[in-house]
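Asks: Below is the structure I would like to discuss, written out as structure tokens.
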Amino acid sequence: MNPVNWPSSWFGRFWALPLMIIIGVAIAVVIIKTRPAMEHQPAARRGMPVTILALEQHPVRPSVTGYGEVIPDVLLEMRAEVSGRVAYLHPQLKKGSLLPADTLVLKIEDNDYQLALKKARATLVQNRANLAEQALAQQDAELDLQLAQQKLQLAKAESARFEKLLSKGSIAQSAADTQRSSLLQTQQEVASLQNKLDAMPYNTEVLQAQIAIAESELKTQQRNLQRTEIRLPFDARITSLSTETNQFISQGAPLFAAQTIDKVLINAQFSLSQMRLLARGFDLDPNTLQGLFDGDAKADSLIQRLGLMARVRLVGNGQQVSWDAQVERISNNLDPVSRTVGVIVGILNPYLQVQPGIKPPLIEGMYMQIELSGSAQPYWVIPRNALHEGELYLVDDQQTLRRLPVSGYLQQQVMLLDPATPLSAQMPVITSDLFPAVEGMLLAPTPDSAAQAAMTSWLEAH
């Protein structure tokens, strides 16, 4: 190192860095001053893309879903009307068997009832003979009375003649007295025959009453004999058997139970809110209800005016088979546990609709789903997925978002809104998800063709 040159070298390095900074700042200032002025342009607003569906009112039959068990339309618990030994049981009189109407299923030994019937017939014949004999006796009494009256007339004339002769002294007093005694005997005979004839109608009435009693006893014994044979009053399915062959049964003892197979009933339960939905379409007025109470209207016609239709499906069945049902009546009280309203629906000929492996017969105890439909009413119909936590997202005429709280009735994949809901065809509903959903935000809507097709298909089916 050369000690003589050290201070000048250090001094040069010390001023190099500040000099470079000053030069850089000067260049930057020159560039900024010489470049053209900046022109500000407003940024273009872009709307959030969404899909929309035009709103329309449509006449729709609202429907609600309830559940209930199958019960028979008629359940007959047959009991013995006469006592005796069971002489015959039909081989198929067993639980679950199907038997046609008028089938002889049970017979009670009838020997005693045959004898009682013969005795009743004999008593009736005897009483009728007594009545015929009484008629002949009455004819004889009438004839005897006529003869006695003629004899009395002769006796009176003879007595008058004897009195004249006695007054002239032509006959003795004893002869007149004898004639007078004969007249009195004849009068007594006439009176006796008249009393006998007067009493005969009462005897005839007694005999006629005895005949009526005998005829009644004969009919009773004939019915008792008929009661020894028990036949099915309808096409039936046997549900229980309580007796066996050769068993002695007393009057009133249970024999078997059977139910009809041409119709089954289901007591479906619906909530009060569901029934309120259907009640909007009830065609009722006070005069109609008053006519029902006065007996001027029939319950069937009233049910028809309610416009209710029902369709039944088996719960837990993977295949969507269904049965058409008819609303029979509405229960007169609420279920004490579930606080629901019972609607009884009937299904005709369930056994004739059986499809092996697909559509089973409806038997007692099956748990069914009942879809109850009311009369068609106008509603705003929107897709179910267009509802966002109780609100609809709408597009106004400025292409901005409007949020409207609504309440309606869910119907499968759609929602029905009351016609009074403040909606219009000029404000379509948003069918796509929108997040965040800020009131007044700008939107870029496009029609949702898939949702429109699904809506059209649903409306055609309902």
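The values are calculated or read from the model by the stated rules, or taken from the named source; none is laboratory data. Bear in mind that the values here come from a model prediction, so they are computed numbers and not experimental data. For neighbour counting, all protein chains shown are included, and Cβ atoms are generated from backbone atoms with ideal geometry for every residue, glycine included. Areas reflect the complete protein model, heavy atoms only, side chains present, ligands, DNA and RNA absent. Shrake-Rupley method; radii C 1.70, N 1.55, O 1.52, S 1.80 Å.
Asks: Looking at segment 381-409, I want the residues that are closer than 20 Å to P49 by Cβ and acidic (D, E) and have a partner that is in a strand (DSSP E or B) and open to solvent by less than 30 Å² (accessible area, probe 1.4 Å) with Cβ atoms under 6 Å, at least 6 apart or on another chain. Which pairs are those?
Replies: Close Cβ pairs (under 6 Å, with a partner that is in a strand (DSSP E or B) and open to solvent by less than 30 Å² (accessible area, probe 1.4 Å)) do not exist here.
Asks: Residue under question is V82, and the condition is that it be outside any strand (DSSP E or B), modelled with pLDDT under 90 and either open to solvent by less than 90 Å² (accessible area, probe 1.4 Å) or among the polar types (S, T, N, Q) (or both); does it hold?
Replies: no
Asks: I've got another one for you. State which residue is surrounded by the most Cβ atoms within 10 Å (Cβ to Cβ) when the search covers only segment 180-239 and only residues that are touching a residue at least 60 places away in the same chain (Cβ under 8 Å) and of a type in the set (S, T, Y).
Replies: Filtering segment 180-239 for residues that are touching a residue at least 60 places away in the same chain (Cβ under 8 Å) and of a type in the set (S, T, Y), the one surrounded by the most Cβ atoms within 10 Å (Cβ to Cβ) comes out as T228.
Asks: If I filter segment 270-320 down to residues being more than 18 Å from G346 (Cβ to Cβ) and β-branched (V, I, T), which single residue comes out as modelled with the highest pLDDT?
Replies: Taking the candidates together, the pick is V315.
Asks: Please pick out the residue among Y88, Y113 that is surrounded by 12 or more Cβ atoms within 10 Å (Cβ to Cβ), touching a residue at least 40 places away in the same chain (Cβ under 8 Å), in contact with a Ser or Thr (Cβ under 9 Å, 6 or more places away or on another chain) and in a helix (DSSP H, G or I).
Replies: Y113
Asks: Right, something else. What number of residues within segment 162-179 satisfy the criterion of being among the charged types (D, E, K, R) and surrounded by 13 or more Cβ atoms within 10 Å (Cβ to Cβ)?
Replies: The number of residues fulfilling the criteria is 1.
Asks: Next up: With the checklist (1) modelled with pLDDT of 75 or more; (2) farther than 30 Å from L265 by Cβ; (3) surrounded by 10 or more Cβ atoms within 10 Å (Cβ to Cβ) in hand, flag the one item V29 doesn't pass.
Replies: Checking V29 against (1) modelled with pLDDT of 75 or more; (2) farther than 30 Å from L265 by Cβ; (3) surrounded by 10 or more Cβ atoms within 10 Å (Cβ to Cβ), the one that fails is (1).
Asks: I'd like the full set of residues that are buried (at least 16 other Cβ atoms within 10 Å of the Cβ) and farther than 16 Å from S63 by Cβ, limited to segment 304-325.
Replies: L314, the sole residue that qualifies.
Asks: Can you spot a residue in segment 151-171 that is among the charged types (D, E, K, R), touching a Lys or Arg at 6+ places or on another chain (Cβ under 9 Å) and without any contact (Cβ under 8 Å) to a residue 24 or more places away in the chain? If you could, list the steps in order and put the result at the bottom.
Replies: First pass over segment 151-171, keeping only residues among the charged types (D, E, K, R): 151, 156, 158, 161, 163-164, 168.
The next check asks that each one be touching a Lys or Arg at 6+ places or on another chain (Cβ under 9 Å); those that pass are 163.
Imposing the further condition that a residue be without any contact (Cβ under 8 Å) to a residue 24 or more places away in the chain reduces the set to 163.
Yes - at least one qualifying residue is present in segment 151-171.
Asks: Report, ordered by the first and then the second residue, all pairs with beta carbons closer than 6 Å, sequence separation of six or more or different chains, a first member in segment 133-150 that is within 10 Å of L197 (Cβ to Cβ), and a second member that is hydrophobic (A, V, I, L, M, F, W, C).
Replies: Taking only residues 6 or more apart or on different chains, the pairs are Q138/M200; A141/L197; D144/L193; L145/L193; L145/L197.
Asks: Taking into account only those residues within segment 53-74 that are among the acidic types (D, E) and farther than 25 Å from P422 by Cβ, which is farthest from the chain's Cα centre (by Cα)?
Replies: This residue is E69.
Asks: Counting just the residues of segment 356-411 that are closer than 18 Å to E56 by Cα and part of a loop (DSSP other than H, G, I, E, B), which one comes out most open to solvent (accessible area, probe 1.4 Å)?
Replies: D397
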